[in-house]
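The block underneath contains the structure these notes are about, expressed in structure tokens.
The values are calculated or read from the model by the stated rules, or taken from the named source; none is laboratory data. Small disclaimer: the values here were computed from a predicted structure and weren't measured. With ideal geometry, Cβ positions are generated from the backbone for all residues, glycine too; neighbour counts draw on all protein chains shown. Side chains included, ligands, DNA and RNA excluded: accessible areas come from the protein's heavy atoms. Shrake-Rupley method; radii C 1.70, N 1.55, O 1.52, S 1.80 Å.
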Amino acid sequence: MKTLSDTYMKYCLMLLLAGASLSACTENRAKEKKVEAPKSQTPSYQLATVESGGVPTTLKLPAQLNAYQEVSLFPKVNGYVKNVLVDLGSHVTKGSLLMELEAPELEQAALLAKEKFAKANADFSIDKEHYQRLLEASKTKGAVSPMDLSSIKAKMNADTALVNAEKANWDMQKAMLGYLKVTAPFSGVITERNIHPGALVSSIAKDKPMLELKQIEHLRLQVDVPEQLAVNLHEHDTLSFYVSALQGKRLKGKISRKSRSINTQYRSERIEVDVPNNTGVLSSGMYADVLIYSKGNKNALIVPKSAVVTSTERKYVLVSDNGSIRKIDVSTGNQTLDKVEVYGDLQIGNKVIVSATDEIKETTNE
């Protein structure tokens with residue numbers, strides 16, 4: 001029969017065995033944690049190979065149709081509006097009379113200038129005849145004093161100068177009278193009228209024109225093209241464009257002019273396309289979308305679009321070479337949704353980081 005002491009001894013032994021087992025487990029777990037401690041690793045990036053060749057692309061740019069010629073007509077002289085022979089939307093031809101002004105003081109000044117010219121011309125004629133008679137008489141020795149002959153010749157020359165001055169004044173007054181009739185400098189349409197008969201007009205006030213004339217049978221399509229695309233466009237190249245007012249109808253035209261000057265603010269060049277408008281369907285001021293196709297530069301290098309990092313200071317790609325990362329400054333050209341042309345100190349076959357960001361720093365493999 002077991003005694004109480006034997007039972008107690010067994011219980012103590014079991015506790016000792018359980019404690020030893022727990023201690024062994026704890027040591028094993030500590031060792032496992034030491035083995036599984038994370039090690040620092042160099043981050044890996046998805047790379048892409050630099051390729052050669054251009055990126056063909058089609059770019060849609062905003063443009064506007066403007067009149068081939070347009071002019072705002074202001075009064076050249078002060079006067080009152082006598083007649084207005086045209087109205088808004090009137091079609092006129094070159095040289096046709098648009099309106100008449102009246103200025104009584106100009107008419108009186110012209111009449112006075114005419115009379116002065118006539119008087120000066122008559123005085124010159126008398127002095128000329130007098131000189132010729134004395135010149136003929138001077139052939140007889142002692143008949144005419146040389147002083148008298150010189151005096152009448154000088155007077156005749158002075159009258160000649162006076163005649164020329166009075167004639168110039170009369171011509172000027174006739175020209176001023178001509179400004180009372182306003183004619184069309186070219187054929188077109190009256191697009192603005194701000195004057196009515198009886199109104200006083202001034203040659204000084206330039207706030208509003210009396211009439212505005214535009215040539216709409218021939219329009220200019222004006223578009224600002226980014227400089228990297230403009231350099232590949234030439235005169236007589238064909239462009240396609242759409243006018244929203246014509247419900248998406250595709251139109252075509254040839255490049256007529258290039259400004260040959262880059263807008264330093266927007267880095268673009270103005271290009272114009274002459275657009276015939278004999279039917280009058282198009283109007284000056286209409287908005288248009290121009291489609292410009294670019295074949296791309298065959299000497300360019302191609303990288304993924306996401307590989308180019310653009311910051312406030314620079315534009316660059318990240319080149320990975322044997323574990324090192326370098327920033328290479330580039331400029332860009334044509335681009336699509338996933339590719340872009342780049343120009344810089346790159347070589348075909350270089351590896352660039354696809355998903356590049358400005359948070360990735362330059363590193364070396366040392």
Inset, instruction - Within the stretch 83-102, work out how many residues are touching a Leu at 6+ places or on another chain (Cβ under 7 Å) and closer than 14 Å to G178 by Cα. - result: 6
Legend entry - Matching option when the condition is surrounded by fewer than 18 Cβ atoms within 10 Å (Cβ to Cβ) and modelled with pLDDT under 90, among N299, N334: N299
Inset, instruction - Take the stretch 337-366 and flag every residue that is in contact (Cβ under 8 Å) with a residue 60 or more places away in the chain, surrounded by 13 or more Cβ atoms within 10 Å (Cβ to Cβ) and of a type in the set (S, T, N, Q). - result: N350
Legend entry - Search result, residues across the stretch 302-330 that are closer than 14 Å to V55 by Cβ and open to solvent by 50 Å² or more (accessible area, probe 1.4 Å): K305
Legend entry - Matching entry among E136, E107 (being open to solvent by 50 Å² or more (accessible area, probe 1.4 Å), within 60 Å of the chain's Cα centre (by Cα) and not β-branched (V, I, T)): E107
Inset, instruction - Could you grab me the full set of residues in the stretch 255-274 that are more than 30 Å from P185 (Cβ to Cβ) and crowded, with 17+ Cβ neighbours inside 10 Å? - result: S268
Legend entry - Enumerated strands (runs of 3 or more DSSP E) restricted to the stretch 75-184, each holding at least 1 residues that are among the aromatic types (F, W, Y), in contact (Cβ under 8 Å) with a residue 60 or more places away in the chain and within 30 Å of A199 (Cα to Cα): 79-84
Legend entry - Those residues of the stretch 51-67 which are buried (at least 19 other Cβ atoms within 10 Å of the Cβ) and either at pLDDT 90 or above or over 27 Å from D345 (Cα atoms) (or both), in sequence order: A63, L65, A67
Inset, instruction - Assess whether E70 counts as being charged (D, E, K, R), under 27 Å from E217 (Cβ atoms), part of a strand (DSSP E or B) and touching an Asp or Glu at 6+ places or on another chain (Cβ under 8 Å). - result: yes
Inset, instruction - For residues that are assigned to a strand (DSSP E or B), farther than 21 Å from Q228 by Cα and of a type outside the set (V, I, T), tally how many sit in the stretch 254-278. - result: 2
Inset, instruction - Hey, can you tell me all the residues within the stretch 276-293 that are open to solvent by 10 Å² or more (accessible area, probe 1.4 Å) and farther than 16 Å from K214 by Cβ? - result: T279, Y287, D289, L291, Y293
Legend entry - Pairs with Cβ under 9 Å, 6+ apart, first in the stretch 231-248 and of a type outside the set (A, V, I, L, M, F, W, C), second part of a loop (DSSP other than H, G, I, E, B): N232/K295; N232/G296; N232/N297; Y242/G248; Y242/K249; S244/M286
Inset, instruction - Filter the stretch 157-188 down to the residues that are surrounded by fewer than 17 Cβ atoms within 10 Å (Cβ to Cβ) and β-branched (V, I, T), then identify the one that is farthest from A103 (Cα to Cα). - result: T160
Inset, instruction - Could you check how many residues of the stretch 195-254 are of a type in the set (A, V, I, L, M, F, W, C), under 20 Å from the mean Cα position of the chain (by Cα) and open to solvent by 80 Å² or more (accessible area, probe 1.4 Å)? - result: 1
